[in-house]
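Chemist: Could you have a look at this structure, given as C-alpha cells, before my questions?
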Amino acid sequence: MRREAKFFVPGPTWVRPEIYEAMMQPMIGHRSREFRELFARITPRLRELFRTSQNAFLATASGTGLMEGALQNTVSRAVLVTTCGAFSERWLKIAHKQGLEADQLETEWGEPVDPVKLADHLHQRRHHYDAVTITHNETSTGVINDVAALAAAVRSVSEDTLILVDSVSALGCAPMLMDEWGIDVCLASVQKGLALPPGLTVFAVSERAIEVAEKKHYKGTYFNFLDFKRTADEGSVPFTPAIPLVYALDVQLDAIMQEGLEARWERHRQMRDLVLERTAAYAEPASSKEALSPSVSALLPIRITSADLLAGMRDRGYTLGGGYGKWKENTFRIGHMGDIQLGDLAAMLDVLEEVAGK
Ligand code: PLP
C-alpha cells in the first residue's frame with residue numbers, strides 16, 4: 001500500500017494505509033454490543049471535533065445528503081442562502097427542489113461572504129427566515145468564510161433564525177467552535193479534512209434545532225434528526241451504516257485528538273502559506289488574499305495552462321484538482337487537507353515547479 005502522498009485533490013483526499021487496515025476488521029451488526037461500544041467511543045470525540053456539548057451524529061451518506069436533511073428538518077418556509085461559489089450555491093438548488101422560499105445573498109466568486117452585508121440583508125428583510133446557510137470553506141474557490149462573524153451577524157438581527165453550516169472541507173482543518181459561535185447544524189463528509197474514504201458524514205445538531213424538528217410535520221425518512229437522536233441514545237444509528245468506515249473513523253479520531261485540534265489547524269495554515277509562497281513565481285491565488293483557505297488553494301497559472309500543468313503532474317505520478325464549475329478552465333486546485341503533511345506538500349511543490357518551468 002502506498003505510503004507516499006501523491007494525491008492532492010480537494011476531496012476525496014489521500015488516505016493513510018492504517019485507515020485501510022482499520023477498515024478490514026471483522027463485520028459486526030449495528031445493533032450489537034460491539035457496535036454500541038464503538039459508537040460510545042466515537043460520539044464524545046465527535047463532540048470535541050465540533051466543539052459542542054450537544055448532539056453529534058454520523059450518517060452513511062455524502063455531505064450533500066445532510067445538506068438536504070438539514071433543510072428538511074429545520075426549514076418550514078423560508079431560508080436565506082449565502083453564496084460565494086459552487087458549493088454554497090448547492091444549498092440554493094436543494095432548497096428550491098424542496099419547494100422552500102429561498103433567497104440568495106450572493107457574493108462574487110473568489111470573495112468571502114461579508115458579515116455586514118449579511119446583517120444589512122437581514123435588517124431589510126420583508127419576512128422572517130427559519131434558517132441561514134453558511135459554507136465554511138468554499139472548495140470551488142479556495143475561500144474560507146468567517147463563520148464566527150457571520151453567525152454573530154445573524155444573531156444580532158434574529159434570535160430564532162437557525163444557522164446551518166456546511167463545514168465539509170473545513171472540519172478538522174480550521175477552527176469550528178459550534179457552541180461558542182451559536183451554530184445549529186454543522187455537517188462534514190469524512191473524505192475531506194478527516195481524510196477517510198468517502199461514505200460517511202458527521203454532523204452536529206443543537207437542542208434548539210431538535211426542538212424545531214420536533215414541530216415539523218415531514219422531515220423525510222433517511223435524515224430524520226429525531227431518529228438519529230433516538231437511536232444515538234440507544235448507542236446506534238437509524239439504518240445499517242458503512243461499518244468499515246465507522247471502524248476507520250474510530251481510528252482517525254484517535255489520531256486527530258493525539259495531534260490536537262489546534263496543532264492540526266496550525267498545520268493547515270502552514271500548508272496554505274507554503275503553497276502561496278512556493279507557487280508565486282508561476283501562479284497567483286484566484287481568490288481574495290484576505291480569505292485564503294487552509295485546506296484548498298485555487299490558483300491561476302501565469303504562463304502555462306491549467307490543463308498542461310495537471311497533465312504534466314499526472315505524467316509524474318501526481319494528481320491535483322482541476323478548476324471547478326465556471327472556474328474549470330482557468331484555475332487548478334491543490335488540496336492540502338487531512339493527513340497531508342508539510343513534507344508531502346513541499347515534495348509535490350518541487351515537482352510542480354519543474355512542470356511549470358519556473
Ligand atoms: N460542500 C462543500 C464545501 C464541498 O466541498 C463538497 C464536496 O466537494 C460538498 C459540499 C458536497 O459534499 P459531498 O460530495 O460529500 O456530497
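Chemist: Of everything in the stretch 160-198 that's part of a strand (DSSP E or B) and free of Cβ contacts under 8 Å to residues at least 40 places away in the same chain, which residue is farthest from the ligand (Cβ to nearest atom)?
Modeler: Ile163
Chemist: In the stretch 283-308, what count of residues is obtained for those that are hydroxyl-bearing (Ser, Thr, Tyr) and in a strand (DSSP E or B)?
Modeler: So the count comes out to 1.
Chemist: Just to be sure before I move on: is Ala22 in a helix (DSSP H, G or I) and touching a Phe, Trp or Tyr at 6+ places or on another chain (Cβ under 6 Å) in the structure I sent?
Modeler: Taking the combined requirement at face value, the residue satisfies it.
Chemist: Considering only residues that are surrounded by fewer than 24 Cβ atoms within 10 Å (Cβ to Cβ), among the hydroxyl-bearing types (Ser, Thr, Tyr) and within 16 Å of the ligand (Cβ to nearest atom), which ones fall in the stretch 43-86?
Modeler: Of everything in the stretch 43-86, those that are surrounded by fewer than 24 Cβ atoms within 10 Å (Cβ to Cβ), among the hydroxyl-bearing types (Ser, Thr, Tyr) and within 16 Å of the ligand (Cβ to nearest atom) turn out to be Thr60, Ser62, Thr64, Thr83.
Chemist: Okay, next question. So, in the stretch 150-168, of the ones that are among the polar types (S, T, N, Q) and over 14 Å from Leu49 (Cα atoms), which residue ends up most open to solvent (accessible area, probe 1.4 Å)?
Modeler: The selected residue is Ser156.
Chemist: Hey, any hits in the stretch 186-194 for a residue that's open to solvent by 10 Å² or more (accessible area, probe 1.4 Å), over 12 Å from the mean Cα position of the chain (by Cα), modelled with pLDDT of 95 or more and in the same structural domain as Thr240 (by TED's automatic domain parsing)?
Modeler: No, the conditions are met nowhere in the stretch 186-194.
Chemist: Among the residues of the stretch 99-150, write down those that are in a strand (DSSP E or B) and away from the ligand (no atom under 13 Å from the Cβ).
Modeler: Those that are in a strand (DSSP E or B) and away from the ligand (no atom under 13 Å from the Cβ): Glu101, Ala102, Asp103, Gln104, Leu105, Glu106, Ala131, Val132.
Chemist: To continue, here is another question. Given the criteria touching a residue at least 40 places away in the same chain (Cβ under 8 Å), more than 21 Å from the chain's Cα centre (by Cα) and part of a helix (DSSP H, G or I), does Leu345 qualify?
Modeler: no
Chemist: Out of Thr221, Thr201, Thr240, I need the residue that is open to solvent by 10 Å² or more (accessible area, probe 1.4 Å) and in contact (Cβ under 8 Å) with a residue 24 or more places away in the chain. Which one?
Modeler: Among Thr221, Thr201, Thr240, only Thr240 is open to solvent by 10 Å² or more (accessible area, probe 1.4 Å) and in contact (Cβ under 8 Å) with a residue 24 or more places away in the chain.
The values are calculated or read from the model by the stated rules, or taken from the named source; none is laboratory data. Model, not experiment: these values are computed from the prediction. When we count neighbours, we look across all protein chains shown, and the Cβ atoms used for this are built from the backbone with ideal geometry, even at glycine. Note: areas computed on protein heavy atoms with side chains; ligands, DNA, RNA excluded. Shrake-Rupley method; radii C 1.70, N 1.55, O 1.52, S 1.80 Å.
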